[in-house]
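Participant: The structure under discussion is supplied below as structure tokens; questions concerning it will follow.
The values are calculated or read from the model by the stated rules, or taken from the named source; none is laboratory data. Note that this is a predicted model, so its numbers are computed, not measured. Ideal geometry is used to build each Cβ from the backbone, glycine not excepted, and the neighbour counts take in all protein chains shown. Each accessible area value is taken on the protein alone, full model and side chains, heavy atoms only, with ligands, DNA and RNA left out. Shrake-Rupley method; radii C 1.70, N 1.55, O 1.52, S 1.80 Å.
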Amino acid sequence: MIDQMRRAYAIAKKDVRIYYLKGPVIIFGVLSPAFLFLAFMIGRDLPVDFLIAGLLGMTIFFTSTSVAPVIAPTETQTRNLERLAAAPISITTILFGDVLASVLFGIAISLVPILLGMALGVSITHPFILALGIVLAAFCFSAMGLIFSSAPTSMTSTVMMLSMMVKFPLVFISGIFIPVQELPLWGQALASLSPLTYITDLCRYAFQGACHYPVVVDIGALLVFLAAFMAIAIKLHERSLPKRL
Amino acid sequence: MKNVIEVKELTKDYNGLTAVDHINFEVEEGEVFGFLGPNGAGKTTTVRMLTGVIKPSFGSVSVMGFDLGRHPIRAKEAMGVVPELSNAYADLSAWNNLQFMAELYGIPKRVAVARAEELLTRFDLYDRKGHTVKTFSKGMKQKLVTAMSLMNDPEILFLDEPTSGLDVQSARLIKEMVRELRDTGKTIFLTTHYMDEASQLCNRVAIINHGRIAAIDAPEKLKVRIGGLQYVEVSFTAPVDVSDLSAMTGIAGVRTSGDKIQLYTDEPDRTIRGLVDYSQSSDLEIVTLNTLTPTLEDVFVKLTEEA
Ligand SMILES: Nc1ncnc2c1ncn2[C@@H]1O[C@H](COP(=O)(O)OP(=O)(O)OP(=O)(O)O)[C@@H](O)[C@H]1O
Ligand SMILES: [Mg+2]
């Protein structure tokens, strides 16, 4: 068990070296949520801490789901997978390694909107809850990213398309641009199905001290999503790995 | 001698196509076991099942006494694998690729550093150790993948066509390595398309065709058992009447190929004397004269050619 965790860490290290420590990946990670955010916020009169909370939620979401889904198809194409499959590690270990790398990346990039917020005078009322929320959300979205890559394909473009088709709608139903309590009932129901809703809500709590759901519900929901995503990802990858060789 | 690999009724179906069909065999500790067969015979599929990369549709494999279905991690820790088509990570350096392998196999850092240096030296890659693999030539990549498979000092090494596409020097290096490993008591499972390679290296070979094992034995025994008769190949300064030669005693058959005549016989000595007499009596000079035994290739062709 401990051995497998160490080996997952080795995989995470490999992922960071190969896939994350690249200029374009990092720049894209910072810029894409920022642009999407600006496009919808310009001209609207909302408090800055509300905005930063939304930006932070989106940044964690986009960065944690950006690279994790392309690793499996890339390694299918570059023919590194058979070597991994022959190593004394389970598929769960491989996926944990991939998630770990993605989490570290998500956390690192999420510092950008936090620092931006502090520069704009936003104060963090609940730093511990914020840290916990970021880590949980990063795990949750990274695991979600792995579900996208479980299609046994070597085409990163297929996986990217699939993930975009899920990611963009999620952004709009998650109470980022409009507070959840101001949504119509059906909108609130929809929002409750998205993990992004809960991390954004937690961020608002951390910055503004107020939120729509109780904090425990936010954290609990993220945990449930994380467990579900991880279980689904493992099941799907167990099935697809042999087809990739 | 104990068996380090035991394969029972191993089968793999790919939607209706049976790539490997109920095969059984054992590999003994310390032997080089050759796995030969034409393209598509099921060699790679078998190796993948033996290395735990794909699951069999039916049957079982045990490696070093560990059932691969039940204790895959323990079994895999004892093996080194060079898959048929596989690459090191192109964006990592040779050194980091080796260290990554060591981490995956749980090799302590200190041991891993010493072993990586030794392997890089042995495979002539030491001065390139800091370069990323994408700058390597094909042969250098193959040597690195082989070095990676040795990072855990495996008891059993699986090599799927390790020398295909390599130059003479690099192929020799790999063959040397196989011999050295055998001499230190390791077991090697080798698939190859090069018959002389199998003949030189293997204690036993299995010949597989259409997913079934056609024969398993020591190469020399296979040659005697299946290869057929020896033959004497002769050529003269001038054309001769082949029927004169086939009339000689002890000749089972005659074939001509170019200016050479091949006389199949189980008494090569008698045939040679007969040919010398014949050349004197018909006033011809012998240009070349060779006694040939069937090769592993003859055995292979016999067992695998379509009717
Ligand atoms: N993933 C797969 N899906 C479907 N069929 C497959 C798959 N892998 C192999 N096969 C089929 O199984 C058979 C055996 O293939 P295998 O790769 O084991 O042959 P091989 O003996 O290694 O051949 P070669 O000498 O060309 O490497 C072939 O008919 C091949 O088409
Ligand atoms: Mg093959």
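Participant: Counting only GluC sites (Glu not before Pro) that sit in a DSSP loop (anything but H, G, I, E, B) with at most 14 other Cβ atoms within 10 Å, what is the longest stretch of chain B containing none of them? Before the final figure, lay out the partial values.
Facilitator: On the way: sites that count: B:Glu285, B:Glu305, B:Glu306.
The reported range is B:1-284.
Participant: So if a site counts as exposed when it's one of the trypsin sites (Lys or Arg not before Pro), its DSSP state isn't H, G, I, E or B, and it has at most 14 other Cβ atoms within 10 Å, what's the longest stretch of chain B without one?
Facilitator: Numbers: sites that count: B:Lys2, B:Arg70.
With a cap of 14 other Cβ atoms within 10 Å, the longest stretch comes to B:71-307.
Participant: Return the distance in nm (one decimal) between the two label points of a simple spin-label model at A:Glu238 and B:Ala252, each offset 7 Å from Cα along Cα→Cβ.
Facilitator: 5.6
Participant: Quick check: the distance between the Cα centres of the range B:280-303 and the range B:188-219, to the nearest angstrom?
Facilitator: The distance from the Cα centre of the range B:280-303 to that of the range B:188-219 comes to 24 Å.
Participant: Could you tell me the relative contact order of chain B? Use alpha-carbon pairs under 8 Å, at least six residues apart, and round to a whole percent.
Facilitator: Value for chain B: 19 percent.
Participant: Oh, and also: Taking the solvent-accessible surface of protein heavy atoms with a 1.4 Å probe, what is the per residue accessible area of the range B:64-168 in Å²? Intermediate results must be reported in sequence, preceding the final value.
Facilitator: Details: 4320 Å² over 105 residues.
Accessible area per residue: 41 Å².
Participant: Defining a contact as two alpha carbons under 8 Å apart and six or more residues distant in sequence, what relative contact order in percent does the range B:227-306 show?
Facilitator: Values: 115 pairs, mean separation 35.4, N = 80.
So the answer I get is 44 percent.
Participant: Efficiency by 1/(1 + (r/R0)^6): what FRET value for B:Lys8 and B:Ala114, r their Cβ-Cβ distance, R0 = 41 Å, to the nearest 0.05?
Facilitator: Working: r = 39 Å, r/R0 = 0.95.
The pair B:Lys8/B:Ala114 has a calculated efficiency of 0.60.
Participant: At a cut-off of 20 Å², which residues of the range B:43-67 become less accessible once all protein chains are present than in their chain alone, using a 1.4 Å probe?
Facilitator: B:Arg48, B:Val53, B:Ile54
Participant: Continuing with the same structure: Quick one: compute the contact order of the range A:192-245, relative version, from alpha carbon pairs under 8 angstrom and 6+ residues apart, as a percent.
Facilitator: Numbers: 23 pairs, mean separation 16.0, N = 54.
Value for the range A:192-245: 30 percent.
Participant: At R0 = 22 Å, how high is the FRET efficiency between A:Val217 and A:Val166 if r is their beta carbon distance? Nearest 0.05 is fine.
Facilitator: Values: r = 23 Å, r/R0 = 1.05.
Between A:Val217 and A:Val166 the formula returns 0.45.
Participant: Extent of the protein assembly as shown along each principal axis, from alpha carbon coordinates, in Å, largest to smallest?
Facilitator: So the three principal-axis extents are 117, 49, 45 Å.
Participant: Averaging the inverse of every distinct alpha carbon separation and then flipping it gives the Kirkwood radius. What is it for the range A:2-244, in angstrom units? Mind dumping the intermediate values first?
Facilitator: Values: mean 1/r = 0.0549 Å⁻¹.
Mean inverse Cα-Cα distance, inverted, gives 18.2 Å.
Participant: Could you tell me what percent of the accessible area of the protein assembly as shown is made up of carbon and sulfur, with a 1.4 Å probe and every protein chain present?
Facilitator: Accessible surface attributable to carbon and sulfur in the protein assembly as shown totals 59 percent.
Participant: Now, a different point. Bins of 10 Å, beginning at zero and ending with the bin holding the largest distance: percent of Cα pairs per bin for the range B:37-195, please.
Facilitator: So the P(r) values, bin by bin, are 10, 39, 38, 13, 1.
Participant: Just flag the chymotrypsin sites (Phe, Trp or Tyr not before Pro) in the range A:21-109 sitting in loop per DSSP whose Cβ has no more than 14 other Cβ atoms within 10 Å.
Facilitator: Details: sites: A:Phe28, A:Phe35, A:Phe37, A:Phe40, A:Phe50, A:Phe61, A:Phe62, A:Phe96, A:Phe105; in loops: none.
Taking the range A:21-109 and a limit of 14 other Cβ atoms within 10 Å, no loop chymotrypsin sites (Phe, Trp or Tyr not before Pro) are found.
Participant: For the pair A:Val48/B:Ala90, report the inter-label distance in nm, with labels modelled 7 Å from Cα in the Cβ direction.
Facilitator: Spacing of the two 7 Å Cα→Cβ label points: 4.6 nm.
Participant: Using a Förster distance of 41 angstrom, determine the FRET efficiency expected from the C-beta separation of A:Met155 and B:Gln169, and round it to 0.05.
Facilitator: Details: r = 38 Å, r/R0 = 0.93.
With a Förster radius of 41 Å, E is 0.60.
Participant: Between the range A:174-241 and the range B:63-112, what's the alpha-carbon centroid distance in Å?
Facilitator: For the range A:174-241 versus the range B:63-112, the Cα centre distance is 39 Å.
Participant: Give the A-B buried accessible area in Å², both sides summed, 1.4 Å probe, nearest 100. Each step should come with its number before you reach the end.
Facilitator: Details: alone 11520 and 15570 Å², together 24650 Å².
Chains A and B together bury roughly 2400 Å² of accessible area.
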